[in-house]
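Trainee: Let me begin by handing over the structure; questions about it come next.
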Amino acid sequence: MGEGYGSYIVDAKKNVSIPNIISENSHVQEGGRGKPQFCKAKQKIAIIIPFRNREPHLTIWLQYMLPFLQKQQGDFGIYVVEQIRNTTFNRAKLMNVGFSEAKKDYDYNCFIFSDVDIIPMNDRNLYRCSENPKHMANSLDKFNFRLPYETIFGGVVAFTKEQFLKINGFSNRFWGWGGEDDELYNRIVAAGMKIERPDPEIARSTMIFHNRDTGNEATGKSFGLINKAAQFMHLDGLSSLKYDVIKHTRHKLYTNITVNIGTQL
Ligand code: UDP
Ligand code: MN
């Protein structure tokens, strides 16, 4: 890429405000849509963010990521999929909802599933899809920029539409913290695909410090499903997804989809 690309510091305590972000990103359209001004992008990218009660993180994420995605000449849309408050959090199911809803908006062919608290620190880290599902968050500060274990596939991951359909999306059955990302990894392997990871120097990213959220406790109840991915992936996922959209709002910087995804049976 050209001049002016490279690493920078992410200041998670930076004093940022939505009106300022709006005025600094005048090319971003209603619903958080961006497009390169002088060329046509090959990939149409939906960024899906699972969300509940993390407003300060979302503001920081937008502050850094809107300029980042525009600088990378992305043709993108931002989707914040918010789970209503009364039930245990289910990150993976929210990802499936985001995929299904974003598809209705535009002919997206690349889906990047990102935690709201992870921000790359180098804009050479291309937020694009590849030949294989891609683990973008392979070099996180919280893990000293190393993989804590070989098969980790969490945080930020990118799939083409075909890749995601091939594994029937995420499992819908992981309630509370943990396991859904490892199950996702097993789906990819079961489908005969490989994982791609960018150069860890370029992929250096930060996770904004936080404590475990209320309503997202690790119960471990679903962990038994991790190694059953091959067995269940065709029954449990996009094909069995059920949810009710409570609210669908086009904010200036993102589209919010508030959903009732039910509760653990
Ligand atoms: N999340 C959220 N609200 C919650 C719990 C989780 O918005 O109450 C979302 C958010 O995008 C977060 C992601 O789910 O980054 C993963 O959860 P968490 O950050 O707790 O996982 P970890 O830091 O352990 O990877
Ligand atoms: Mn986190």
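The values are calculated or read from the model by the stated rules, or taken from the named source; none is laboratory data. This is a predicted model, so every value here is computed, not measured. Quick reminder, even Gly has a Cβ in these numbers, built from the backbone with ideal geometry, and neighbours come from all protein chains shown.
Trainee: Specify which of the listed residues (Thr151, Thr87) is over 28 Å from Asp199 (Cα atoms), within 16 Å of ligand 1 (Cβ to nearest atom) and in a loop (DSSP other than H, G, I, E, B).
Mentor: Thr87
Trainee: Can we say Pro50 is surrounded by 14 or more Cβ atoms within 10 Å (Cβ to Cβ) and either aromatic (Phe, Trp, Tyr) or modelled with pLDDT of 95 or more (or both)?
Mentor: Judged against the criteria, Pro50 is a match.
Trainee: Which residue is farthest from ligand 2 (Cβ to nearest atom), if the candidates are limited to region 66-118 and must be modelled with pLDDT of 95 or more and basic (Lys, Arg)?
Mentor: Lys104
Trainee: Hey, among Gln231, Gln264, which residue is free of Cβ contacts under 8 Å to residues at least 60 places away in the same chain and either of a type in the set (S, T, N, Q) or assigned to a strand (DSSP E or B) (or both)?
Mentor: Just one listed residue meets the conditions, Gln231.
Trainee: If I filter region 167-200 down to residues being out of contact with any strand residue (DSSP E or B) (no Cβ under 9 Å at 6 or more places or on another chain) and of a type in the set (D, E, K, R), which single residue comes out as nearest to Leu265 (Cα to Cα)?
Mentor: Within region 167-200, the match that is nearest to Leu265 (Cα to Cα) is Arg173.
Trainee: I'd like the residue in region 44-77 that is β-branched (Val, Ile, Thr) and in a strand (DSSP E or B) and, out of all such residues, is nearest to ligand 1 (Cβ to nearest atom).
Mentor: Ile49
Trainee: Another question about this same structure. Go through region 228-265 and report how many residues are of a type in the set (S, T, N, Q), surrounded by 15 or more Cβ atoms within 10 Å (Cβ to Cβ) and closer than 30 Å to Ser23 by Cα.
Mentor: Selection size over region 228-265: 3.
Trainee: Also, I was wondering about something else. Which count do you get for residues in region 119-153 that are within 14 Å of ligand 2 (Cβ to nearest atom) and either farther than 19 Å from Gly34 by Cβ or surrounded by fewer than 20 Cβ atoms within 10 Å (Cβ to Cβ) (or both)?
Mentor: 7
Trainee: Can you pull out the residues in region 211-227 that are more than 16 Å from ligand 1 (Cβ to nearest atom) and exposed (fewer than 14 other Cβ atoms within 10 Å of the Cβ)?
Mentor: Gly224, Asn227 - these are the residues of region 211-227 that are more than 16 Å from ligand 1 (Cβ to nearest atom) and exposed (fewer than 14 other Cβ atoms within 10 Å of the Cβ).
Trainee: For region 28-65, give me each residue that is in contact with a Gly (Cβ under 6 Å, 6 or more places away or on another chain), away from ligand 2 (no atom under 16 Å from the Cβ) and more than 26 Å from Gly6 (Cβ to Cβ).
Mentor: Arg33, Ala46
Trainee: Do any residues in region 148-161 that are under 16 Å from Ile226 (Cβ atoms) have Cβ atoms under 6 Å from those of residues that are away from ligand 1 (no atom under 12 Å from the Cβ) and of a type in the set (Ser, Thr, Tyr), where the two are at least six apart or on different chains, and which pairs are they?
Mentor: Pairs that qualify, where the first residue is under 16 Å from Ile226 (Cβ atoms) and the partner is away from ligand 1 (no atom under 12 Å from the Cβ) and of a type in the set (Ser, Thr, Tyr), are Thr151/Tyr185; Phe153/Tyr185.
Trainee: Anything in region 176-228 that is part of a strand (DSSP E or B) and either in contact with a helix residue (DSSP H, G or I) (Cβ under 9 Å, 6 or more places away or on another chain) or basic (Lys, Arg) (or both)? List them, or say none.
Mentor: Selection gives Ser205, Thr206, Met207.
Trainee: Looking at (1) away from ligand 1 (no atom under 16 Å from the Cβ); (2) modelled with pLDDT of 95 or more, which one does Tyr254 not meet, given that it meets all the others?
Mentor: Unmet for Tyr254, out of (1) away from ligand 1 (no atom under 16 Å from the Cβ); (2) modelled with pLDDT of 95 or more: (1).
Trainee: Something else about it: Just one of Val80, Val116 is within 20 Å of Ile18 (Cβ to Cβ), assigned to a strand (DSSP E or B), within 16 Å of ligand 1 (Cβ to nearest atom) and of a type in the set (A, V, I, L, M); which is it?
Mentor: Exactly one of Val80, Val116 is within 20 Å of Ile18 (Cβ to Cβ), assigned to a strand (DSSP E or B), within 16 Å of ligand 1 (Cβ to nearest atom) and of a type in the set (A, V, I, L, M), namely Val80.
Trainee: Continuing with this model, one more query. For region 162-174, state whether one or more residues are within 16 Å of ligand 2 (Cβ to nearest atom), farther than 22 Å from Phe223 by Cα and outside any loop (DSSP other than H, G, I, E, B).
Mentor: no
Trainee: Right, another one. Scan Ile208, Ile188 and give me the residue that is over 22 Å from Phe89 (Cα atoms) and either touching a residue at least 40 places away in the same chain (Cβ under 8 Å) or surrounded by 21 or more Cβ atoms within 10 Å (Cβ to Cβ) (or both).
Mentor: Criteria check complete, one pass: Ile188.
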